[in-house]
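To start, the structure itself, in structure tokens.
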Amino acid sequence: MDASMLSQQILNGITLGATYALIALGYTMVYGIIQLINFAHGEIYMVGAFVGVLMVTVFQQGLLFSLAAAMLACMVMGVTIERIAYRPLRRSTRLAPLISAIGVSIFLQTLMTKIKGPQPVAFPQVINDALYKIGPVEISKVQILILIVASLLMATLHFIVKYVKIGKAMRAASEDYDTAALMGINVNRVISFTFAIGSALAAAGGVLVGLYFNSVSPFMGVSAGLKAFCAAVLGGIGSIPGAMLGGIFLGVAETLGIAGGFDMYKDAIAFTLLIIVLLFRPTGLLGRPIQRKV
Amino acid sequence: MLLEVNNLHVSYGAIRALKGVSCQVGEGEIVALIGANGAGKTTTLRTISGLIRPQEGTITYKGKPITKMPPHDIVSLGICQVPEGRRVFTRMTVLENLEMGAYTRKDSANVKTDIQKVFQRFPRLEERKTQLAGTLSGGEQQMLAMGRALMSKPTVLLMDEPSMGLAPMLVQEIFAIIQEINQAGTTILLVEQNAHMALSVANRAYVLETGEVVLSGPANELADNPEVQKAYLGE
Ligand SMILES: Nc1ncnc2c1ncn2[C@@H]1O[C@H](COP(=O)(O)OP(=O)(O)OP(=O)(O)O)[C@@H](O)[C@H]1O
Ligand SMILES: [Mg+2]
């Protein structure tokens, strides 16, 4: 692999990784606050992609409007799922909401298969496939769009979590749930907010990936969800910068792996990496050392 | 009475932590709740704050029941707590911790001046305002936990063992500040194992033993009571 090929693969990897990161953020934020692996998160991403297709085809909307609509729809869906499937189980064993999440995931997959059929649906090419040359690398319009949208969304998230009142409350609640409540924070509202943000980011990921690979299917959330989950754990579950880093890291590793001739093992790369990283850093790249909550 | 706790029963599974605790706190008072490890002091405060639902019993504030209210609404009413072990948000800055204390307030302009007031009371916090709270010393964390609770402008401040783990000098300082806060108009319900200090600042006190109030009365009388002296004052 020569240098220009390598930089091209890295660029492709970062693009793919940015979409993993968008999904991984939802896993990590939800885990940070209620210690739940939201197994339905991949399906939220899938539904987001379908809403995007629906907007572009049936309602003839532009891409940005469709993206926003998908994000909004998934926000509502994420908040509703938490209310119906997780909140009633908040005070039960840790396994109960996990099983509930798997149930929601199967439900959404099946529902979408009933509505749209099991076959992948093409995502209309609303963006032409023009290629731009920057130095040794070529970048497509879709890639530029993915990188810009993902960066903007992540910057917005960073801003909210760091400077906005509800974002600070999110940090407080994810560090110490009870004490946050003792400060007058409505923790339930913060949890709803977390689901809303995480789901919106996943929906954006779904639309962008649909556009990038020109296809959406009811099962697209399974492997993307699993990989994004790996990315979240790789980065350190509960850590927002960790999810971003983990996503990019995974995307680049996967793309380089494929370019290096391991395309048969494409989906194994994420898990192999995960195992290796966890062997050396059990709490992930940016994870905090494990501390018992008192 | 401003705050009335009536016949509170709380269990953790099979463990009965409170077996009919009653106590009252009048406006402007400092009331101490003393007792040994495991007596149920923390449980009482957490139940008042709404973090634990009692099996039986009522809590009223200004004559209205608050027993079934969620914790954040109780804070909005004016009851705030400095929890046991301080529980500052270690990954947030000192300033952010104070802002969290003011979470229920809508008057953001006054919040700024109140942060300044906290800094006047605890100058060491101002020097460290951009530092993560986790990097503060135990004493500084206690000051931050108190400042944070004060940011909600509480009518009643519940304090759970503010002297825990602090050097004697600092304990004196913390208790002096508790008295100042009280003189500035805040009612205080103080949980302490340091019965000596607690009784010296309190107006009235309750002695809790294995989930029951076994003694109560004016603090100076309790301090002179031979049983209390023997069990809690080490005399
Ligand atoms: N989360 C819990 N689960 C089970 N039992 C608990 C729990 N919290 C408290 N207890 C029990 O309830 C009883 C009262 O505990 P509590 O923490 O209220 O005591 P305390 O008076 O605050 O003690 P300390 O002075 O040591 O803080 C104890 O027997 C304790 O073991
Ligand atoms: Mg206690």
Practice prompt. At most 13 other Cβ atoms within 10 Å plus a DSSP loop assignment makes a site exposed; report the longest stretch of chain B without any exposed trypsin sites (Lys or Arg not before Pro).
Written response: B:107-235
Worksheet item: For segment A:218-294, with equal point scatterers placed on the C-alpha atoms only and solvent neglected, what are the log10 I(q)/I(0) values from the Debye formula at q = 0.23 1/Å, to two decimals?
Response: -1.01
Worksheet entry | Residue order, fewest to most beta carbons within 10 Å, for A:K168, A:K162 | A:K162, A:K168
Worksheet, complete the sentence: Relative contact order of chain B (C-alpha contacts under 8 Å, at least 6 apart) in percent is 28
Practice prompt. Past 24 Å, Cα to Cα, is the threshold; run A:K162/A:K266; A:K168/B:K68; B:K19/B:K41 against it and keep the listed order.
Written response: A:K162/A:K266; A:K168/B:K68
Response to the item:
With a 27 Å threshold on alpha-carbon distance, the violating pairs from A:K165/A:K227; B:K106/B:K129; B:K62/B:K153; B:K64/B:K117 are A:K165/A:K227; B:K64/B:K117
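Which ordering of A:L274, B:L190, A:L226, A:L95 is given by a fewest-first count of other beta-carbon atoms within 10 Å?
With the sparsest Cβ surroundings first, the list reads A:L95, A:L226, A:L274, B:L190.
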Practice prompt. Over the whole of B:96-103, what's the average partner chain Cβ count within 10 Å per residue? Rounded to a whole number, please.
Written response: 5
Item to complete: Decide, for segment A:1-52, between rounded, prolate and oblate: order the square roots of the alpha carbon gyration tensor eigenvalues as a ≥ b ≥ c, take rounded if a/c falls under 1.5, and otherwise choose prolate if a/b is larger than b/c, else oblate.
Response: oblate
Practice prompt. Please arrange B:C23, B:C80 by counting, for each residue, the other beta carbons lying within 10 Å of its beta carbon, fewest first.
Written response: B:C23, B:C80
Worksheet item: How much length is gained on full extension from B:K230 to B:A36, taking 0.36 nm per residue of separation minus their Cα-Cα distance?
Response: 68.6 nm
Worksheet entry | Fraction of the pair-distance distribution of segment A:18-220 above 32 Å, Cα-Cα pairs, percent | 20
Discussion item. How shielded is B:64-72 by partner chains, expressed as the average number of their Cβ atoms within 10 Å of its Cβ atoms?
Written reply: 3
Discussion item. Past the 30 angstrom mark, what percentage of all C-alpha to C-alpha distances in the protein assembly as shown do you count?
Written reply: 56
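We did not get these values from a lab; they are worked out from the coordinates using the rules stated. Bear in mind the structure is a predicted one, so any value in this text is a computation, not a measurement. Here the Cβ is made from the backbone with ideal geometry for all residues, glycine too, and neighbour counts use every protein chain on show.
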